[in-house]
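The values are calculated or read from the model by the stated rules, or taken from the named source; none is laboratory data. As the structure is a computational prediction, the values presented were derived from the model and not from experiment. With ideal geometry, Cβ positions are generated from the backbone for all residues, glycine too; neighbour counts draw on all protein chains shown.
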Amino acid sequence: MNSLFSGIDWRNASDSQLKSLCDEIARFDGNRLLNTSVDDLCDYFVNKYRIEVPVLREDHIVAEIRKCTLILEIQGAGLQADQARNSINRELLEIKRYLDALRVNADELNNQLPQFARNAIEGRREKLLENQNLVASLGFPLKERGDTPKTFVDPEVRRKITPILPDASTKPYKPEPTLSMDDYNHILNVIQNMARVMELSPAAFVDLKEEFLRSHFLVQLNGHYEGGATGETFNYEGKTDILIRKDGKNIFIAECKFWGGQKKFSETIDQLLSYSSWRDTKVAIIIFNKNKNFSAVLDAIEPTAAAHSNYKKSIGRQSETSFRYTFAHKNDANREMTLTVLAFDVPSQA
């Protein structure tokens with residue numbers, strides 16, 4: 001039985017698998033790599049290089065010889081049925097022991113593949129961009145006003161399916177300006193701080209419509225970003241509720257809505273995607289809940305977002321009432337946007 005599992009040392013097999021993955025990424029068409037979602041490429045290479053250990057299907061033991069079938073031969077003079085059966089059972093137990101050991105090793109390798117592939121892909125992307133003297137993300141440094149009011153600031157807050165490469169253009173890669181994640185989080189924090197005031201003082205906001213609620217956020221954002229925020233500004237295919245521009249570029253867009261059920265929430269995502277241009281990579285939906293079960297609203301957000309056709313993955317909750325996702329752009333599956341959903345309870349005065 002030892003000869004069945006003695007063809008190659010596992011460590012050599014594991015190292016060879018990782019080397020083959022790195023070699024393929026190193027040879028991968030540069031423009032296609034830059035134009036394809038990193039997450040999608042990772043999924044492709046993980047599925048291609050993961051190792052699946054065979055499963056011994058004892059319930060399918062037959063007395064026929066076929067290709068790709070393990071054949072056990074029991075030889076001896078005057079063999080009895082019980083002897084043959086016991087001998088086969090011993091061999092099967094030994095085979096399963098080896099397979100179990102291999103499965104542990106394979107699981108260890110397979111668990112390493114996602115991060116290994118991501119590191120190799122991102123490392124190659126950096127080298128390609130350096131060779132072109134480009135920067136992958138031309139961030140706009142937002143200048144916060146020195147006289148920013150501190151009123152709303154918190155103290156501290158069985159058959160292996162052959163993987164298929166995602167479609168992508170091989171045209172020369174051109175980086176687009178994006179909002180840095182630090183600035184994105186700061187903008188969302190300004191919005192959250194203003195919303196907390198609404199939650200704590202519902203009497204002042206109970207009768208306000210969406211556009212008037214939005215104006216309070218715009219005041220705060222303009223206070224932080226030197227008048228860069230506007231309301232009802234046309235952008236791409238429609239108009240958005242909150243738009244921040246820097247040097248003539250759209251760097252943040254958000255839609256404000258009262259909660260009207262899962263269907264309306266899904267339509268709001270459609271609306272946001274419809275007027276998000278190719279360069280918009282940081283967006284948000286601000287949900288106001290009024291006179292409804294807020295816990296039920298929060299429970300409905302995640303499954304509704306996950307069911308959307310452009311949904312790619314959840315990045316997790318930022319807080320109990322804040323959700324973050326990766327969505328594909330409306331017209332380009334390889335262009336991804338970060339969507340944060342902020343939900344706030346604006347109860348009636350009573």
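Within the set PHE288, PHE252, the sole residue that is buried (at least 16 other Cβ atoms within 10 Å of the Cβ), in contact with a strand residue (DSSP E or B) (Cβ under 8 Å, 6 or more places away or on another chain), among the aromatic types (Phe, Trp, Tyr) and under 27 Å from SER37 (Cβ atoms) turns out to be PHE252. Across region 251-268, a minimum of one residue is classified as at pLDDT below 80 and either under 29 Å from the mean Cα position of the chain (by Cα) or in a strand (DSSP E or B) (or both). Please go through region 307-350 and pick out each residue that is surrounded by fewer than 17 Cβ atoms within 10 Å (Cβ to Cβ), at pLDDT below 90 and of a type outside the set (A, V, I, L, M, F, W, C). Within region 307-350, GLY316, ARG317, GLN318, SER319, GLU320, ASN331, ASP332, PRO347, SER348, GLN349 meet the criteria. For region 61-105, taking the residues that are part of a loop (DSSP other than H, G, I, E, B) and either at pLDDT 85 or above or surrounded by 10 or more Cβ atoms within 10 Å (Cβ to Cβ) (or both), the one that is farthest from the chain's Cα centre (by Cα) is identified as LEU79. Residue pairs whose Cβ atoms lie under 8 Å apart, sitting 6 or more positions apart in sequence or on different chains, and linking a residue in region 184-205 that is under 13 Å from ALA343 (Cα atoms) and assigned by TED's automatic domain parsing to the domain that holds PHE323 to a partner that is surrounded by 16 or more Cβ atoms within 10 Å (Cβ to Cβ) and of a type in the set (Val, Ile, Thr), are LEU188/THR340; ILE191/ILE286; ALA195/ILE286; MET198/VAL346; GLU199/VAL346.
When the criteria are applied in full, VAL55 meets the requirement of being more than 30 Å from PHE327 (Cβ to Cβ), among the β-branched types (Val, Ile, Thr) and modelled with pLDDT under 90.
Look at region 79-103: where a residue is under 22 Å from ARG50 (Cβ atoms) and a partner is surrounded by 13 or more Cβ atoms within 10 Å (Cβ to Cβ) and at pLDDT 80 or above, sitting 6+ places away or on another chain with Cβ atoms under 7 Å, you get LEU99/VAL53; LEU102/VAL53; ARG103/VAL53.
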